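Note sheet for the following structure.
The values are calculated or read from the model by the stated rules, or taken from the named source; none is laboratory data. This is a predicted model, so every value here is computed, not measured. Cβ sites come from the backbone with ideal geometry, for glycine too, and all protein chains shown count toward neighbours. What goes into the accessible areas is simple: the full protein's heavy atoms, side chains included, and nothing from ligands, DNA or RNA. Shrake-Rupley method; radii C 1.70, N 1.55, O 1.52, S 1.80 Å.
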Amino acid sequence: MGDSKLVVVEEVSGWLRVYSDGSVDRNWTGPPEAAPLLEHIPPTRGAFVDGVATHDVILDASSDVLLRIYIPETSGGEKLPVLLHFQGGGFCISRPTWFMYHAFYSRLVKSVPAVCVSVQTRLAPENRLPAAVHDCLSALTWLRSSPDLLPLGVDLTRVFLIGDSSGGNLVHQVAALAGDVSPLRIAGAIPIHPGFVRSTRSESEKKTENESPILTVEMVDKLLGMAVPEGSTKDHPIICPMGSEAAPMEDVELPPLMVVVAEKDLMKDTQMEYVEAVKGAGKEVEVLVNRGMMHCFYFNDMMVKADRNAGEETKRLVEGIVDFIRRH
């Protein structure tokens with residue numbers, strides 16, 4: 001009999017290990033102080049805790065695709081917009097039920113106020129792109145067909161797509177592919193620190209000071225390499241929607257956009273390339289810059305509470321999102 005011992009054939013430090021039989025281990029092995037951010041938060045099953053109730057809806061029983069729904073406690077009488085949220089994680093890691101998402105999106109739905117439907121997509125490398133795009137489009141279809149599962153009084157003519165990191169890529173794809181979703185209306189789209197890159201290195205990617213223990217250029221390369229279809233590169237349209245392999249931006253229908261960029265993000269330069277491509281196509285786009293911050297800093301709840309600058313920039317981020325939603 002041959003050696004049946006499993007060996008690691010690919011690894012993203014701290015985040016994931018792929019074994020020779022194709023299985024994937026996503027248990028966190030990085031700095032232990034980050035572990036609390038990745039803890040699963042169970043739904044409150046309709047009970048309000050700190051002003052927010054959460055419950056889960058299975059979107060596809062044949063996979064682990066589900067929706068985590070956040071409902072703010074309000075006095076009633078006002079129609080609430082809906083945030084359709086797409087998780088980050090390079091298409092390979094993270095879950096919207098993690099504490100880091102729970103803390104930020106609970107804060108956001110109370111601040112707007114709005115209902116948030118957060119999509120747990122299938123992950124690569126087991127499910128390479130465009131699987132995550134299909135899951136997000138399925139969630140949009142669910143939103144059209146299942147309004148009775150949302151609180152009374154939601155305003156389905158004010159649906160906002162929002163996503164963090166690679167979830168920002170999904171925001172662009174869903175906005176571009178959605179077509180006529182009446183009676184829903186996609187009123188705006190908010191990619192936060194989107195994972196837009198290309199095969200050639202940008203200047204911001206070359207700056208080692210933009211790297212952190214939870215995100216390096218090597219990690220980006222490995223995650224996206226496992227996420228794109230076999231034989232594709234980072235020039236794939238989902239990764240680089242402003243590139244030559246993507247549809248011309250002039251031909252893409254997009255709602256009003258607010259792109260959020262962190263000043264010290266590895267992907268800042270290519271995020272701004274996307275903004276310029278959207279502007280050049282004559283479409284409505286604005287930019288919110290997180291000054292002095294790194295990629296997805298606002299998810300580090302401990303730092304947000306302990307570091308004055310991080311706390312202030314998170315407050316500006318929330319206020320900027322609230323303002324964008326109220327104007328649209």
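All told, residue 46 falls short of being surrounded by 14 or more Cβ atoms within 10 Å (Cβ to Cβ), at pLDDT below 95 and not in a helix (DSSP H, G or I).
Summed over region 132-154, residues that are over 18 Å from residue 116 (Cβ atoms) and either surrounded by fewer than 19 Cβ atoms within 10 Å (Cβ to Cβ) or in contact with a Pro (Cβ under 9 Å, 6 or more places away or on another chain) (or both) total 2. Of the residues making up region 16-59, those that are of a type in the set (Val, Ile, Thr) and over 30 Å from residue 212 (Cα atoms) are 44, 49, 52, 54, 57, 58. Inspect all residues belonging to region 83-92 and state whether any of them is part of a strand (DSSP E or B) and open to solvent by 10 Å² or more (accessible area, probe 1.4 Å). No.
Scanning region 114-126 for residues that are buried (at least 19 other Cβ atoms within 10 Å of the Cβ), of a type outside the set (A, V, I, L, M, F, W, C) and in contact with an Asp or Glu (Cβ under 9 Å, 6 or more places away or on another chain) gives 120, 121. Only a single item in (1) touching a Pro at 6+ places or on another chain (Cβ under 9 Å); (2) part of a loop (DSSP other than H, G, I, E, B); (3) modelled with pLDDT of 95 or more is not met by residue 68, and it is number (2). Residues of region 240-255 that are open to solvent by less than 30 Å² (accessible area, probe 1.4 Å), in a loop (DSSP other than H, G, I, E, B) and of a type outside the set (Val, Ile, Thr): 240, 241, 243, 246, 255.
With respect to residue 74, is the statement that it is out of contact with any helix residue (DSSP H, G or I) (no Cβ under 6 Å at 6 or more places or on another chain), more than 30 Å from residue 236 (Cα to Cα) and assigned to a loop (DSSP other than H, G, I, E, B) true? The answer is yes for residue 74.
Annotation: residue 265 fulfils all but one of (1) assigned to a helix (DSSP H, G or I); (2) within 20 Å of the chain's Cα centre (by Cα); (3) acidic (Asp, Glu); the unmet one is (1).
Quick grid of which residues meet (1) in a loop (DSSP other than H, G, I, E, B); (2) modelled with pLDDT of 95 or more; (3) open to solvent by 20 Å² or more (accessible area, probe 1.4 Å); (4) not aromatic (Phe, Trp, Tyr):
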position: 156; (1), (2), (3), (4): no, no, yes, yes
position: 161; (1), (2), (3), (4): no, yes, no, yes
position: 169; (1), (2), (3), (4): no, yes, no, yes
position: 197; (1), (2), (3), (4): yes, yes, no, yes
position: 222; (1), (2), (3), (4): no, yes, yes, yes
position: 234; (1), (2), (3), (4): yes, yes, yes, yes
position: 238; (1), (2), (3), (4): yes, yes, no, yes
position: 258; (1), (2), (3), (4): no, yes, no, yes
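Number of residues in region 43-64 that are among the acidic types (Asp, Glu) and under 19 Å from the mean Cα position of the chain (by Cα): the value is 2. Among the residues of region 276-294, is any in contact with a Ser or Thr (Cβ under 7 Å, 6 or more places away or on another chain), in a loop (DSSP other than H, G, I, E, B) and either closer than 28 Å to residue 23 by Cβ or not β-branched (Val, Ile, Thr) (or both)? Within region 276-294 (the criterion being in contact with a Ser or Thr (Cβ under 7 Å, 6 or more places away or on another chain), in a loop (DSSP other than H, G, I, E, B) and either closer than 28 Å to residue 23 by Cβ or not β-branched (Val, Ile, Thr) (or both)), the answer is yes, since at least one residue qualifies.
Out of 220, 289, which single residue is touching a strand residue (DSSP E or B) at 6+ places or on another chain (Cβ under 7 Å) and at negative phi?
So the residue among 220, 289 that is touching a strand residue (DSSP E or B) at 6+ places or on another chain (Cβ under 7 Å) and at negative phi is 289.
Of all residues in region 16-42, those that are part of a loop (DSSP other than H, G, I, E, B) and open to solvent by less than 30 Å² (accessible area, probe 1.4 Å) total 1.
Of the residues making up region 52-62, those that are farther than 11 Å from residue 96 by Cβ and open to solvent by 40 Å² or more (accessible area, probe 1.4 Å) are 55, 58, 59, 60, 61, 62.
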